[in-house]
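First comes the structure, then the notes that go with it.
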Amino acid sequence: GSFAPIKDFASDPNTDVATNAVWFLEATADPRTVPLLLDYLEHPSDEVKIQAVWALEHLQGKEGLDALRAKLVEKSVRVRIEAIKSMVKLNDSAGVEALVMKMSDPDENVRVYALWGLERLNDAASYPAIVRALADHSERVRNDAFMVIKTLKNQDFLPVLENAIEDTDFPVECRVSAIELLGSLGEPEAASFFATFRGNADARIRKAILS
């Protein structure tokens with residue numbers, strides 16, 4: 001049947017009416033409803049936007065991924081986070097750059113979810129942003145970035161970590177974290193790289209290299 005009448009509810013200021021319309025579209029499990037759901041992403045209510053995000057994810061509406069990425073700049077933190085979660089669950093490999101941008105989001109929770117998303121999409125293009133997060137002003141983000149690098153244990157992190165260690169503008173404690181992570185990669189190249197730092201002027205760097 002036609003879903004056209006449901007389109008009109010996307011502009012209905014009544015949150016309950018618009019939410020019910022989203023639930024109806026989702027319940028059809030019909031991919032033809034995806035273009036209609038995109039209209040509900042623009043509803044004034046954050047709750048309706050979130051319901052539409054979830055519906056797109058449930059319907060595997062990959063043609064809505066551009067619209068989901070656009071929600072990453074929403075004023076609402078919750079909408080930004082739910083958009084990230086749905087992008088990742090829809091395996092939005094083309095959204096890696098958008099998630100990298102969210103690593104500079106002013107909200108700590110958004111940065112945490114962006115990092116979570118980058119870990120799951122695991123694209124080497126995001127590795128510099130993940131390593132930079134070792135210097136995030138949030139301890140939670142710094143710790144999460146450390147664990148992401150340790151968990152992924154990808155050799156493509158090697159040159160990025162080396163650059164961080166060599167960067168004297170990078171905070172010393174973050175360079176120390178990068179040294180520990182580089183050592184945990186277990187690559188032979190790391191040993192020769194460390195050899196060049198044994199005479200470093202900073203005792204904390206020398207100690208990290210030796211340990």
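Here's the yes/no breakdown for (1) in contact with a helix residue (DSSP H, G or I) (Cβ under 9 Å, 6 or more places away or on another chain); (2) surrounded by 13 or more Cβ atoms within 10 Å (Cβ to Cβ); (3) at pLDDT below 95; (4) closer than 27 Å to Val73 by Cα:
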residue: Asn122; (1), (2), (3), (4): yes, yes, no, yes
residue: Ala129; (1), (2), (3), (4): yes, yes, no, yes
residue: Leu134; (1), (2), (3), (4): yes, yes, no, yes
residue: Glu139; (1), (2), (3), (4): no, no, no, yes
residue: Leu152; (1), (2), (3), (4): yes, yes, no, no
residue: Leu161; (1), (2), (3), (4): yes, yes, no, no
residue: Glu166; (1), (2), (3), (4): yes, yes, yes, no
residue: Glu180; (1), (2), (3), (4): yes, yes, yes, no
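Being in contact with an Asp or Glu (Cβ under 7 Å, 6 or more places away or on another chain) and polar (S, T, N, Q) holds for only one residue in Thr33, Thr28, Thr15, and it is Thr15.
Taking every residue in the stretch 186-211 that is within 16 Å of Leu158 (Cα to Cα) and pairing it with any residue that is of a type in the set (S, T, N, Q), at least 6 positions away or on another chain, the pairs with Cβ-Cβ distances below 8 Å are Glu187/Gln155; Ile209/Asn200.
Being out of contact with any Leu (no Cβ under 8 Å at 6 or more places or on another chain), among the acidic types (Asp, Glu) and more than 19 Å from Arg120 (Cα to Cα): is that true of Glu82 here? Spelling it out, it is not the case that Glu82 is out of contact with any Leu (no Cβ under 8 Å at 6 or more places or on another chain), among the acidic types (Asp, Glu) and more than 19 Å from Arg120 (Cα to Cα).
Condition first: outside any helix (DSSP H, G or I) and either basic (Lys, Arg) or under 21 Å from Val148 (Cβ atoms) (or both). Now tell me which residues in the stretch 172-208 satisfy that. Once the filter is applied, which keeps residues that are outside any helix (DSSP H, G or I) and either basic (Lys, Arg) or under 21 Å from Val148 (Cβ atoms) (or both), the stretch 172-208 yields Leu185, Gly186, Glu187, Arg198. Only a single criterion out of (1) aliphatic (A, V, I, L, M); (2) under 30 Å from Leu152 (Cβ atoms); (3) in contact with a helix residue (DSSP H, G or I) (Cβ under 8 Å, 6 or more places away or on another chain) is not satisfied by Ile6, namely (2).
Examine the stretch 104-118 for a residue that is surrounded by fewer than 14 Cβ atoms within 10 Å (Cβ to Cβ) and without any contact (Cβ under 8 Å) to a residue 24 or more places away in the chain, and state whether such a residue exists. Checked against the condition, which is being surrounded by fewer than 14 Cβ atoms within 10 Å (Cβ to Cβ) and without any contact (Cβ under 8 Å) to a residue 24 or more places away in the chain, the stretch 104-118 yields at least one hit.
The values are calculated or read from the model by the stated rules, or taken from the named source; none is laboratory data. This is a predicted model, so every value here is computed, not measured. Virtual Cβ from ideal backbone geometry, glycine too; neighbours counted across all protein chains shown.
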